[in-house]
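Here the structure comes first, spelled out in structure tokens, and everything after it is commentary.
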Amino acid sequence: MLLTNDTRIVYVNGQYLPAAEAMVSVFDRGFLFADGVYEVSSVLEGRMVENDAHIRRLQRSLEALEMAMPLAVAELVAAQQELLRRNNLKEGALYLQVTRGVADRDFAYPGDTRSTLVMFTQAKKLLENPLAERGMSVISVADIRWKRRDIKTVGLLAPSMAKQAAAKAGADDAWLVEAGFVTEGSSNNAYIVTDDNVIVTRQLSHAILHGITRASVLRLATENDLRVEERPFTLEEACAAREAFITSATTFALPVVRIDGQVIGDGRPGELTRKLRKLYIDMALASVRG
Ligand code: PMP
């Protein structure tokens, strides 16, 4: 859609503006250095899902880069809710980005900038997702990202390249591989289910983003007596797995049924994946209905 036809209201530094008037400076360090961090919260029934956890991760990302929160938490959440209200967003995503702000171009952090805070909504069906029925196909690509993937920065060129390679190959997404082991998906965490029904996903470290959905899905799995192992797994192990799936805020849990053209399990969404998707969605709906 042309930006000028965009009817959304966008938040920029305290103002709620029509999309076409929402601007930041060319000297913004987010633009010049990808010197900024972001969060995406899913929205169901007009309310944000797991937003407290997203705000905590935002604080953690900002601390890692010696940036302050742009607003007090209560003010930030109030602004998020006001933006949802002004856009009448019932289902979709709320994107939030904080950059270090505007300064003349120089690599080291300038001391005295005021951070830039931008937020916008994206309307999207989340509960109804054809990929939940069909399953996703993924390709593997080399993980060429930097070494602090736990900081959720807006430096997203490597995952853009991975998604572009997937699109060119006719696949739905890409899994990133480092030294033979899957780190995560281009914008999601990656899992397999072994022959003896153990859910395996890579352990937390600087090598992956600490997914908010990942934490909840692993908790729900354990609470429902499913076995979980947090360890690295190879691409070969994934291709031979009984099931494979991904998690992220806007996809919840989605089955992966092909990796590099190889069929996973019987080629249909796996039973544990379906169960985890349902458990997560039930939890999310209960939380927004609170
Ligand atoms: N890993 C990466 C690289 C991501 O970009 C994302 C989504 N932002 C995730 C994992 C999933 O994180 P979350 O569940 O918090 O959306």
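The values are calculated or read from the model by the stated rules, or taken from the named source; none is laboratory data. Because the structure is a prediction, the values reported are computed rather than measured. Cβ sites come from the backbone with ideal geometry, for glycine too, and all protein chains shown count toward neighbours.
For Arg231, state whether it is assigned by TED's automatic domain parsing to the domain that holds Ala165, without any contact (Cβ under 8 Å) to a residue 60 or more places away in the chain and under 28 Å from Ala165 (Cβ atoms).
yes
If you scan region 50-68, which residues turn out to be among the aliphatic types (A, V, I, L, M) and in contact (Cβ under 8 Å) with a residue 60 or more places away in the chain?
Those that are among the aliphatic types (A, V, I, L, M) and in contact (Cβ under 8 Å) with a residue 60 or more places away in the chain: Ala53, Leu58, Ala64, Leu65.
Which one is nearest to the ligand (Cβ to nearest atom) among residues in region 177-198 that are within 20 Å of the chain's Cα centre (by Cα) and outside any strand (DSSP E or B)?
Only one residue tops the list, namely Ser187.
Kindly list the number of the only condition in (1) buried (at least 22 other Cβ atoms within 10 Å of the Cβ); (2) over 24 Å from Arg149 (Cβ atoms) that fails for Phe252.
In the conditions (1) buried (at least 22 other Cβ atoms within 10 Å of the Cβ); (2) over 24 Å from Arg149 (Cβ atoms), Phe252 misses (2) alone.
Could you say which residue among Ala166, Ala174 is more than 17 Å from the chain's Cα centre (by Cα), crowded, with 20+ Cβ neighbours inside 10 Å and within 15 Å of the ligand (Cβ to nearest atom)?
When all the criteria are applied, what remains is Ala166.
With respect to Arg114, determine if the residue is among the basic types (Lys, Arg), over 28 Å from Ile192 (Cα atoms) and part of a loop (DSSP other than H, G, I, E, B). Break it down stepwise before answering.
Numbers: among the basic types (Lys, Arg): yes; over 28 Å from Ile192 (Cα atoms): yes; part of a loop (DSSP other than H, G, I, E, B): yes.
The answer is yes for Arg114.
Does any residue in region 148-173 that is under 18 Å from Ile212 (Cβ atoms) and not assigned by TED's automatic domain parsing to the domain that holds Arg60 come within less than 7 Å, Cβ to Cβ, of a residue that is in a helix (DSSP H, G or I) and away from the ligand (no atom under 13 Å from the Cβ) six or more places away or on a different chain, and which pairs are these?
Close Cβ pairs (under 7 Å, with a partner that is in a helix (DSSP H, G or I) and away from the ligand (no atom under 13 Å from the Cβ)) amount to Ile151/Ala64; Val154/Gly30.
Please go through region 40-53 and pick out each residue that is crowded, with 22+ Cβ neighbours inside 10 Å and in a helix (DSSP H, G or I).
Of everything in region 40-53, just one residue is crowded, with 22+ Cβ neighbours inside 10 Å and in a helix (DSSP H, G or I), namely Asn51.
Can you tell me which residue among Thr113, Thr99 is touching a Ser or Thr at 6+ places or on another chain (Cβ under 6 Å) and of a type in the set (Val, Ile, Thr)?
Sole residue among the options that is touching a Ser or Thr at 6+ places or on another chain (Cβ under 6 Å) and of a type in the set (Val, Ile, Thr): Thr99.
Conditions: (1) farther than 22 Å from Ala142 by Cα; (2) hydrophobic (A, V, I, L, M, F, W, C); (3) out of contact with any helix residue (DSSP H, G or I) (no Cβ under 9 Å at 6 or more places or on another chain); (4) within 14 Å of the ligand (Cβ to nearest atom). Ala207 meets all but one. Number of the miss?
(1)
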